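Data block below; observations after.
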Amino acid sequence: MKTESVVQSEIRADAGAQGVLLWRNNRGAMEDLDGRVVRFGLGNDSPAMDRRIKSSDLVGQVTTRLLFDGKRMAQPLYVECKAEGWRFPDRWRGSTPDEIEKTFAPADAALRRTLCQWRWLKLHHDGGALAGFAQSVADFRRILTGELVLP
């Protein structure tokens, strides 16, 4: 089975070969030399926000079409990479992140992180972005077609 790191590297290589702009979105927090906490990564403005939403591993854009005046338009792209064999929880399918929060209230750290990642992907997909979980290049290519991929 491929690790998340390998999956991410393969997706980034495939994106480059297709001319898709895609960058690694590192996120976290650390103390600077003066002891102040510095938070980094999209959507990581505060500990409270971090407990609710987590931005994707990869962010980018795809040029989708020409506008009436000949200018190009880009569509945002968000990819949350997972190790090969990872599965989106079946009991969550067909539910929104808020419904999951109320119904299942995941206490397990890994499930909690997945819920926060799902919240980010759904928010942006509903707003017109390309977004989804990917455990392979095939999943990434499905995301590029507009599918909200939940392996």
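Nothing in this text is a laboratory measurement; each read-out follows from the coordinates by a stated rule. Note that the coordinates shown come from a computational prediction; the quantities given were computed from them, not determined experimentally. Please note: Cβ atoms are built from the backbone with ideal geometry, for glycine as well, and neighbour counts cover all protein chains shown.
Just to confirm my numbers, what's the Cα centroid distance between segment 1-57 and segment 88-131 in Å?
18 Å
How far apart, in nm, are the 7 Å Cα→Cβ label points at Leu42 and Phe88?
It is 1.8 nm.
In debye, nearest 20, what is the charge dipole magnitude of the chain about its Cα centre with +1 on Lys and Arg Cβ and -1 on Asp and Glu Cβ, if you could check?
Numbers: 23 positive and 20 negative charges, 44 e Å.
With Lys and Arg at +1 and Asp and Glu at -1, about 220 debye.
Taking springs between alpha-carbon atoms closer than 10 angstrom, which of Glu80, Glu31, Glu101 fluctuates most in the Gaussian network model of the chain?
Per the Cα network of the chain with a 10 Å cutoff, Glu31 tops the list.
So which lysines can Lys102 reach, going by Cα to Cα under 30 Å and dropping same-chain residues fewer than 8 places off?
Candidates past the 8-residue exclusion: Lys54, Lys82, Lys122.
Using a Gaussian network model of the chain whose springs link C-alpha atoms within less than 10 Å, name the residue from Ala105, Ala83, Ala129 with the highest mean-square fluctuation.
Its mean-square fluctuation being the largest, the pick is Ala105.
From Cα coordinates alone, what are the radius of gyration and Dmax values for segment 26-96 in angstrom?
17.7, 52
Which value results when the Cα radius of gyration for the chain is divided by 2.2 N^0.38 Å? Each step should come with its number before you reach the end.
Numbers: Rg = 16.3 Å, N = 151, 2.2 N^0.38 = 14.8 Å.
After normalising by residue count via 2.2 N^0.38 Å, the value is 1.10.
Just going by the charge dipole of the chain, with Lys and Arg at +1 and Asp and Glu at -1 on Cβ, which of Ile53, Gln8, Val20 is farthest out on the positive end?
Of the candidates, Val20 comes out farthest on the positive side.
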